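Engineer: This is the structure I have questions about; it appears just below.
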Amino acid sequence: MHVKWLPGCPDFVFEKEKIAIFVDGCFWHGCPLCYKKPKTSIKYWEQKLVANKNRDDKVSKLLETNGWLVLRFWEHETSEKTMIIDKIINSLSSASPRDA
């Protein structure tokens, strides 16, 4: 959990299979279903959200370039445990140890 030596500090990692899992907070990462704009400091929060999304994209691309499979789940999806488990199991089943 929270592997600090990888870009973006993934929430969970399967190191041998090179799978990095992120659980993105609906507010902090701008979930299209859940995000509600704050009523104050609107410009600050808009810039913060854009920066977070850009960082997420950059981290995902960097990991993928280095042979990692990146799985991202929204915070609200954590209530859908079966869906998340199925995606992880399918990724693990189809993954062979990836070359660095």
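The values are calculated or read from the model by the stated rules, or taken from the named source; none is laboratory data. Model, not experiment: these values are computed from the prediction. Cβ: placed from backbone, ideal geometry, glycine included. Neighbour counts: every protein chain shown. Each accessible area value is taken on the protein alone, full model and side chains, heavy atoms only, with ligands, DNA and RNA left out. Shrake-Rupley method; radii C 1.70, N 1.55, O 1.52, S 1.80 Å.
Engineer: For the stretch 1-45, how many residues meet the condition of being closer than 20 Å to TRP68 by Cα and open to solvent by less than 100 Å² (accessible area, probe 1.4 Å)?
Structural biologist: The number of residues fulfilling the criteria is 19.
Engineer: Quick one: CYS9 ticks every box in (1) in a helix (DSSP H, G or I); (2) touching a His at 6+ places or on another chain (Cβ under 6 Å) except a single one, so which number is it?
Structural biologist: The number of the failed condition is (1).
Table: residues versus (1) in contact with a Phe, Trp or Tyr (Cβ under 7 Å, 6 or more places away or on another chain); (2) part of a loop (DSSP other than H, G, I, E, B).
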residue	(1), (2)
ALA20	yes, no
LYS36	no, yes
TRP45	no, no
LYS61	no, no
GLU64	no, no
GLU77	no, no
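Engineer: In the stretch 17-68, which residue that is of a type in the set (Gly, Ala, Ser) and over 23 Å from SER91 (Cβ atoms) is modelled with the lowest pLDDT? It would help to see each step written out before you state the result.
Structural biologist: In the first step, residues of the stretch 17-68 are kept if they are of a type in the set (Gly, Ala, Ser); the result is 20, 25, 30, 41, 51, 60, 67.
Now drop any that are not over 23 Å from SER91 (Cβ atoms), which leaves 30, 41, 51.
Values: GLY30: 91, SER41: 94, ALA51: 97.
So, considering only residues that are of a type in the set (Gly, Ala, Ser) and over 23 Å from SER91 (Cβ atoms), the one modelled with the lowest pLDDT is GLY30.
Engineer: I've got another one for you. Considering (1) in contact with a Lys or Arg (Cβ under 9 Å, 6 or more places away or on another chain); (2) at pLDDT 90 or above, say which one GLU75 fails and leave the rest.
Structural biologist: Among (1) in contact with a Lys or Arg (Cβ under 9 Å, 6 or more places away or on another chain); (2) at pLDDT 90 or above, GLU75 violates only (1).
Engineer: Further question: Select, from LYS81, LYS48, LYS58, the only residue that is out of contact with any strand residue (DSSP E or B) (no Cβ under 7 Å at 6 or more places or on another chain), under 19 Å from CYS9 (Cα atoms) and open to solvent by 90 Å² or more (accessible area, probe 1.4 Å). Write out each step before concluding.
Structural biologist: Values: LYS81 fails: under 19 Å from CYS9 (Cα atoms); LYS48 fails: open to solvent by 90 Å² or more (accessible area, probe 1.4 Å).
Step by step, each of LYS81, LYS48, LYS58 is checked, and only LYS58 is out of contact with any strand residue (DSSP E or B) (no Cβ under 7 Å at 6 or more places or on another chain), under 19 Å from CYS9 (Cα atoms) and open to solvent by 90 Å² or more (accessible area, probe 1.4 Å).
Engineer: In addition: Tell me whether the stretch 70-90 contains one or more residues that are of a type in the set (Asp, Glu) and closer than 21 Å to TRP5 by Cβ.
Structural biologist: Here is the first cut: in the stretch 70-90, the ones of a type in the set (Asp, Glu) are 75, 77, 80, 86.
Checking the rest, the ones that are also closer than 21 Å to TRP5 by Cβ come to none.
Looking through the stretch 70-90, none of the residues is of a type in the set (Asp, Glu) and closer than 21 Å to TRP5 by Cβ.
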